[in-house]
Every structure is written in structure tokens, then in C-alpha cells.
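See structure below.
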């Protein structure tokens with residue numbers, strides 16, 4: 001007998017029409033998944049055990065239940081079908097080997113394309129902490145994921161070295177993400193081998209910035225060329241800069257900031273091709289830090305001190321830490337603390353990382369919508385509780401038609 005709320009399947013219904021993943025299906029409806037899969041040239045026979053759409057949902061569920069094995073994830077997706085005798089006699093949970101082959105055949109392209117379709121800023125004008133004046137607050141940062149110690153992964157991604165120049169146990173994939181500070185929604189990402197630096201990967205993300213964006217970044221993102229690339233689309237920037245950077249005072253401003261210019265390393269002496277920036281220097285009055293550190297130095301493309309006073313920008317820069325929190329949600333609470341990704345091939349790793357990014361965006365979308373309905377700041381909601389809710393929805397709704 002079906003459980004309350006479930007409907008008995010029709011005679012010609014396919015298994016792929018009976019699989020849903022709760023809140024994830026809300027963010028990635030079957031029609032969108034089918035369109036993306038077809039657009040990537042991955043559409044397949046509908047009567048197969050693991051058609052492409054089912055594999056997409058399986059990978060999403062695999063990232064949601066990162067600590068579970070392949071076959072257990074498949075059971076979670078279809079456990080609600082136990083009451084339907086028709087399915088119990090015509091379909092069995094695929095083996096781990098079958099799922100691995102289906103994942104390899106699908107590849108990472110549909111997941112990258114699906115993320116490009118859905119990953120957008122979530123905040124509205126009424127979302128607390130999402131805007132400063134006319135600017136939407138965005139931040140960029142990078143992280144790494146440990147991947148299985150296979151020969152293919154080690155050759156492609158490379159391994160980090162310890163302070164003793166010893167190689168670490170696991171290869172690592174580097175990921176750079178662009179996130180909306182007010183909602184923690186990751187709106188764009190790029191990944192590559194460990195040898196690819198964060199600034200190089202960041203260049204792939206600047207095209208996602210617009211004229212209303214204010215991009216926050218830490219000291220790792222420096223250099224005139226990177227600055228110009230980030231602001232080329234009209235976005236304004238607020239970046240921390242290293243303390244030893246040469247920033248000559250060109251004009252002092254009433255709010256304590258001053259105008260200066262930055263040049264390339266080769267142009268350090270002649271300064272023939274400068275870009276004008278505004279510099280804000282400040283120290284932190286923190287009793288927990290008894291020793292005085294070097295002053296914080298920020299540079300910004302907002303040259304009008306009246307539109308954005310120095311004290312406000314200095315206070316605003318702390319919002320950069322919101323992307324650190326978003327990456328922690330992704331790596332610690334969603335993937336699991338100290339867990340290694342499960343894919344033993346570079347294509348599989350890329351597919352899995354896109355899957356984690358998609359799941360994170362779906363959960364953050366749910367949190368933003370819920371907070372908006374309740375009139376709350378999205379930061380007041382617990383990501384841990386939200387991901388537990390998403391997991392419960394998968395097992396409760398697995399047999400409902402998406």
C-alpha cells in the first residue's frame with residue numbers, strides 16, 4: 001500500500017519519473033535537468049537502469065549524503081517505492097560498478113552547465129546585510145579539497161608539501177569561489193590542479209560581476225593586472241593589500257583616506273601606467289590582541305569619500321569573512337569534516353565538486369526564501385539544521401513524482 005500522500009504509479013510510468021530529491025528537485029526541476037543533459041549531448045535511452053537524469057539526481061544525493069556508499073544513496077532515492085510491487089519486480093538498486101560507469105559516461109559537463117543555469121545572487125533589497133548603499137556585497141576566496149590517492153588524481157592535481165618538504169597523503173583540487181556575502185550563495189566557481197594559483201582561477205569568475213557589485217578580497221588577490229580584470233565589467237573593489245606595498249600619497253582626503261596609485265611590478269620605479277586607488281589604513285582596538293599588529297591597508301576603486309567614508313569601508317571589510325563561512329559550510333558540514341572526495345579520476349572529481357556546489361546553492365536558496373518569509377536575516381538560520389532538513393526530505397519524498 002502507498003503511504004499517505006503517495007499515488008500509485010501508472011502502468012507506463014518510468015522509474016526516472018518516480019525519483020525526486022526533495023528540496024533539491026525544487027532547485028533543479030526535471031525539465032531543467034533534461035534540457036541541460038540534452039544540451040551537453042548526454043541524453044540516453046529512457047528505459048535503461050540509469051538514464052542520465054537519474055544519474056544527475058544520484059550525484060546530487062551522493063553529495064548530500066557524502067558519508068554513504070553508492071548503493072545506500074540509491075536506496076535513499078528510491079526507498080519510497082517499496083510499496084509498489086511493479087517496481088520491486090522490475091527494478092533493483094544498481095551496483096557500485098554500474099553507478100561508477102554511469103557517472104563516468106555522464107561526465108562533469110552537465111553539472112557545470114546546470115550550475116551556470118541556477119547559480120545567481122539571491123538577496124533582494126530587503127535582505128539584511130546584503131547591500132552597502134547601491135552595491136551588492138560579493139567576496140572571492142579559494143580553498144582545496146582532498147581527493148583519493150589514485151595515480152590519475154595524483155598526476156593531474158598534484159600534492160601539497162609539508163613544511164619539511166614531504167608530500168601529503170592526498171592530492172588536492174583547488175577551487176576558487178565567488179559568493180554573495182549576505183546569503184552565502186556561491187554564484188560562480190572555477191577549479192584546477194593545485195599548481196594553478198588562486199589569482200589565475202579568479203580571472204574566470206570576474207565576468208560574473210556587474211556594475212552594482214562591490215567585490216571584497218584578501219591579500220592573496222593582488223596585482224594591477226588582476227585589479228583591472230576584476231573591475232573591467234564595472235564592479236567596484238575593496239581589497240586588502242600587503243603591508244609592504246608601495247602606495248605613495250597623491251592626495252589626502254577629509255575622512256583620513258588618501259588617493260594613491262598602483263602599478264605593475266615592472267613599472268615600480270617609473271610608474272608610467274598607474275591606476276588610481278583610494279587607500280584606507282586602520283588598526284584594530286582589540287583587547288584580545290595585546291601586541292599591536294601592522295595597520296590594515298585597504299585599497300578601493302570608490303574614490304568618492306562622501307559616497308563611502310573610510311570608517312564605513314573599514315567596518316564593511318569584515319564582511320569578507322562571510323565567504324570563509326560559506327566554504328566551511330561546504331567542506332565541513334556538507335561534505336563532512338576531514339572527509340576525502342570519493343572520485344578516483346579527475347573528471348569524477350570535477351563532477352563531484354560541481355555536485356557539492358549545486359547542493360550548497362540549493363540549501364542556501366531554501367534558507368534565503370525561508371528567512372524572507374519570516375522577516376529574518378538569512379545569517380540567523382542554521383546551515384546544519386537546514387542540511388538535515390534537506391536530507392530528511394530526500395528520504396520522505398523519494399517516491400513522489402518530481
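The values are calculated or read from the model by the stated rules, or taken from the named source; none is laboratory data. The structure displayed is predicted, hence computed values, not measured ones. Cβ: placed from backbone, ideal geometry, glycine included. Neighbour counts: every protein chain shown.
Scan the range 149-157 and give yes if some residue there is modelled with pLDDT of 90 or more, touching a helix residue (DSSP H, G or I) at 6+ places or on another chain (Cβ under 8 Å), surrounded by fewer than 21 Cβ atoms within 10 Å (Cβ to Cβ) and outside any helix (DSSP H, G or I), otherwise no.
no
Considering only the range 204-223, how many residues are buried (at least 19 other Cβ atoms within 10 Å of the Cβ) and at positive phi?
0
What's the number of the condition residue 86 fails, among (1) modelled with pLDDT under 85; (2) surrounded by 15 or more Cβ atoms within 10 Å (Cβ to Cβ); (3) assigned to a helix (DSSP H, G or I)?
Checking residue 86 against (1) modelled with pLDDT under 85; (2) surrounded by 15 or more Cβ atoms within 10 Å (Cβ to Cβ); (3) assigned to a helix (DSSP H, G or I), the one that fails is (2).
List the helices (runs of 4 or more DSSP H) inside the range 292-402, counting only whole elements, that have at least 1 residues being over 18 Å from the mean Cα position of the chain (by Cα) and touching a residue at least 60 places away in the same chain (Cβ under 8 Å).
Fully inside the range 292-402 and qualifying: 310-316, 346-374, 383-397.
Inspect the range 138-148 for any residue being surrounded by 22 or more Cβ atoms within 10 Å (Cβ to Cβ), touching a helix residue (DSSP H, G or I) at 6+ places or on another chain (Cβ under 7 Å) and closer than 18 Å to residue 348 by Cβ and give the result as yes or no.
yes
For the range 330-376, what are the residues that are in contact with a strand residue (DSSP E or B) (Cβ under 7 Å, 6 or more places away or on another chain) and surrounded by 19 or more Cβ atoms within 10 Å (Cβ to Cβ)? Write out each step before concluding.
Applying the first criterion (in contact with a strand residue (DSSP E or B) (Cβ under 7 Å, 6 or more places away or on another chain)) to the range 330-376 yields 331, 340-341, 349-350, 353, 357, 360-361.
Selection gives 331, 341, 349, 350, 353, 357, 360, 361.
May I ask you to say which residue of 226, 327, 259, 253 is closer than 24 Å to residue 199 by Cβ, in contact with a strand residue (DSSP E or B) (Cβ under 8 Å, 6 or more places away or on another chain) and surrounded by 12 or more Cβ atoms within 10 Å (Cβ to Cβ)?
Going through 226, 327, 259, 253 in turn, just one is closer than 24 Å to residue 199 by Cβ, in contact with a strand residue (DSSP E or B) (Cβ under 8 Å, 6 or more places away or on another chain) and surrounded by 12 or more Cβ atoms within 10 Å (Cβ to Cβ): 327.
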